[in-house]
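> Right, I'll just put the structure down here and ask away after.
Derivation of every value follows stated rules applied to the coordinates shown; laboratory data play no part. Bear in mind the structure is a predicted one, so any value in this text is a computation, not a measurement. Backbone-built Cβ (ideal geometry, glycine too); neighbour counts: all protein chains shown.
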Amino acid sequence: MSESKLILGAIAGDIIGSPYEFNNIKSVDFELFSPESYFTDDSVLTIATMYAIMRQKSYTQVYHDFGVYYYEKDYGKGFRGWLLAKNPKPYNSYGNGSAMRVSPVGWYGNTLDAALAEARKSAEVTHNHPEGIKGAQAVAAAVYMARMGKTKDEIKRYIADTFQYNLDRKIDDIRPDYTFDGSCQGSVPEAIIAFLESADFESAIRLAVSIGGDSDTIACIAGGIAEAFYQTIPEYIVEKVTAILSEESDDLLEIVEEFSAKS
């Protein structure tokens, strides 16, 4: 966990990746924070997952409430339509929205099976396509195994065997031809590979952003796993991320603080 004991890995990845989502950098050499750094729907729904877990409320209700309250964030077309529906129903999505919001599940589960079951619950209220569920479960499993002290080889082997993701590629090979892919199957494996190649939390985020494509979401996923594995986030990142969160909403930071204290 971070030095300040806040679970912020996914949120940090989202904020650091946010300026590069539509302006891909394709390099690990970039400024971590800029005036264009902000938290997106990835952070909002990650924190919504924390809230749903703590309050034992339905994911449908909590995602809808948070999504409507922060409606100006960059939600995908399918999720925005879901927010506007009078009676929101799953829409068979395999987008990476299910994976970017799920990292708190990996901190919550007492067993791997429990984490997988909870990840399914969090995904299927919107992303009930098999690939949408699989993406969420893969990320939750990686976070859970990382926080339980499993090695990178153990995590890689489990994810590859269970979810049939190709994790034998290298970031340097992926980067040149990688373009925007908002699907779970086209971004979750890449985010996990960024974590597997990393040396510490910051390098995981830099590798994730450098792939290009959906930079904030890939970094959000990689950051959630990397934090659980390395058990620390540099304090300068924690300070900047908490400042950006609190600039817009003290409520979101308070939820993170409460969830972190209970995890």
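> By per-residue mean of other Cβ atoms within 10 Å, what is the highest-first order of 139-149, 236-246, 19-29, 215-225?
215-225, 139-149, 236-246, 19-29
> Treating only the Cβ of Lys, Arg, Asp and Glu as charged (+1, +1, -1, -1), what charge dipole size does the chain show about its Cα centre? Round to the nearest 20 debye.
Roughly 1040 debye for the chain.
> Then there's this: Could you name the lysines in cross-link range of Lys89, using Cα to Cα under 24 Å and dropping any fewer than eight places away on the same chain?
Counting by Cα, and skipping residues close in sequence, Lys89 has these lysines nearby: Lys57, Lys73, Lys77, Lys121, Lys134.
> Students often check this: by mean Cβ neighbours within 10 Å, which of 204-214, 162-172 ranks highest, and how do the rest follow?
204-214, 162-172
> Please sort through the DSSP H helices of the chain and keep those with an alpha-carbon extent of at least 24 Å along the long axis and a Kyte-Doolittle average not below 0.0.
130-147
> Oh, and also: By its C-alpha gyration tensor, with a ≥ b ≥ c as the square roots of the eigenvalues, how is the chain shaped: rounded for a/c under 1.5, else prolate for a/b larger than b/c, else oblate?
Rounded.
> For the chain, what is the calculated [θ] at 222 nm in deg cm²/dmol (nearest 500), taking -39500 (n - 2.57) for each run of four or more DSSP H residues and dividing by its residue count?
Mean residue ellipticity, 222 nm, calculated: -18500 deg cm²/dmol.
> If R₀ is 25 angstrom, what is the calculated FRET efficiency for the pair Tyr71 and Ala261, using the beta carbon separation as r and rounding to 0.05?
0.30
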